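The values are calculated or read from the model by the stated rules, or taken from the named source; none is laboratory data. For clarity, every value in this text was computed on a predicted model and none was experimentally measured. Using ideal geometry, Cβ is built from the backbone for each residue, glycine included, and neighbour counts are taken over all protein chains shown.
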Amino acid sequence: MYIGICDDDRKVRIKIKTILAGLRKQWETLEFLEYESGDELLHRIIEEPIPEILFMDVEMKGKNGIETAEILRAQNQDVTIIFVSSYQQYIFKSFYVKAFYFLVKPIDEEELLREFDRAMCEYRDSHIRYEFSYNGRKTKLQVKDIYYISGYYRQLTVFTEAKSYSFDGSLNEVQNDLSMYGFIRVHQGFIVNMRYIKEIGEKKIRLINNIEVDISVRKRGDVKRMYNTFLLGGVR
């Protein structure tokens with residue numbers, strides 16, 4: 001995954017890179033791309049990889065960060081932009097180019113790590129796909145689109161808002177694959193995406209589409225604790 005750092009101050013680029021480099025074990029391999037200006041960034045992405053997440057200064061020689069972001073958006077570049085600047089008057093303008101966050105200099109390491117983690121989780125949730133064989137063909141669904149999965153013996157059914165998919169598989173394997181993405185085993189026969197839970201009752205869990213699934217009595221306490229942690233941002 002490519003992380004871009006666009007700033008005309010070399011010390012700032014080094015600081016951001018040094019802070020984030022320590023996260024390589026937590027996330028997949030991170031590769032850093034450095035740019036001294038918005039003009040350099042726009043020129044290099046013609047032939048080089050485009051960063052998935054971009055830290056960018058605002059006041060730079062040539063095109064400033066806002067102007068650079070406008071061009072990226074006009075090119076339909078779906079890059080997550082985090083502005084890093086001491087010029088707070090640009091905060092409102094950053095909204096118009098769909099900036100993810102505006103980090104005010106001098107850089108606070110804790111804030112930088114928090115927002116990078118949040119950006120990575122959002123990127124992951126919007127790009128990670130669950131793959132399975134459906135009607136003899138490989139099928140991929142975005143993880144965030146799955147509401148819940150039911151299992152009876154070796155027959156699994158994945159439910160989205162609009163459709164369901166049945167195929168052979170193990171619910172235990174699905175649990176192992178999806179637990180890191182906010183899914184929880186609520187019953188021997190059900191795994192639920194916590195982002196779609198509306199209410200946890202004594203015997204049922206109601207989802208935001210008002211579908212109800214069974215919850216095991218012995219799992220109810222753990223499910224409530226994990227769901228509360230999820231709401232506080234501890235699990236994604």
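Select the strands (runs of 3 or more DSSP E) contained entirely in segment 20-88, then report the ones holding at least 1 residues which are crowded, with 18+ Cβ neighbours inside 10 Å, touching a residue at least 60 places away in the same chain (Cβ under 8 Å) and of a type in the set (Ser, Thr, Tyr). Steps first, please.
Details: elements: 31-35, 53-56, 80-85.
Answer list for segment 20-88: none.
Scan segment 196-236 for residues that are within 25 Å of ARG124 (Cα to Cα) and surrounded by fewer than 16 Cβ atoms within 10 Å (Cβ to Cβ) and jot them down.
Across segment 196-236, the qualifying residues are LYS198, ILE208, ASN209, LYS224, ARG225, ASN228, THR229, LEU231, LEU232, GLY233, GLY234.
Anything in segment 1-19 that is touching a residue at least 40 places away in the same chain (Cβ under 8 Å) and in a helix (DSSP H, G or I)? List them, or say none. Write out each step before concluding.
If we filter segment 1-19 for residues that are touching a residue at least 40 places away in the same chain (Cβ under 8 Å), which is where we start, we get 1-9, 12, 15-16, 19.
Of everything in segment 1-19, those that are touching a residue at least 40 places away in the same chain (Cβ under 8 Å) and in a helix (DSSP H, G or I) turn out to be VAL12, LYS15, ILE16, ILE19.
Looking at segment 89-106 only, could you name the residues that are farther than 13 Å from GLU59 by Cα and either of a type in the set (A, V, I, L, M) or not in a helix (DSSP H, G or I) (or both)?
Matches in segment 89-106: VAL97, LYS98, ALA99, PHE100, TYR101, PHE102, LEU103, PRO106.
When the residues of segment 133-153 are narrowed to those that are in contact (Cβ under 8 Å) with a residue 60 or more places away in the chain and within 14 Å of GLY189 (Cα to Cα), which ends up surrounded by the most Cβ atoms within 10 Å (Cβ to Cβ)?
Checked segment 133-153; the qualifying residue surrounded by the most Cβ atoms within 10 Å (Cβ to Cβ) is TYR148.
Which one of THR80, THR29 is closer than 18 Å to TYR96 by Cβ and hydroxyl-bearing (Ser, Thr, Tyr)?
Unique residue meeting the criteria: THR80.
Output the qualifying pairs, or none if there are none: Cβ atoms under 8 angstrom, residues six or more apart or on different chains, first residue in segment 111-127 and without any contact (Cβ under 8 Å) to a residue 40 or more places away in the chain, second residue surrounded by 15 or more Cβ atoms within 10 Å (Cβ to Cβ) and assigned to a helix (DSSP H, G or I).
Final answer for the pair search is SER126/LYS144.
Just the residues that are within 18 Å of GLN188 (Cα to Cα) and charged (D, E, K, R), please, taken from segment 154-169.
Hits for segment 154-169 are ARG154, ASP168.
Quick check: is even one residue across segment 62-80 modelled with pLDDT of 95 or more, in contact with a Gly (Cβ under 8 Å, 6 or more places away or on another chain) and under 21 Å from MET1 (Cβ atoms)?
Yes - at least one qualifying residue is present in segment 62-80.
Just one of the numbered conditions (1) outside the structural domain of GLN77 (by TED's automatic domain parsing); (2) of a type in the set (A, V, I, L, M, F, W, C); (3) at pLDDT below 95 is not true of LEU113; which one?
(1)
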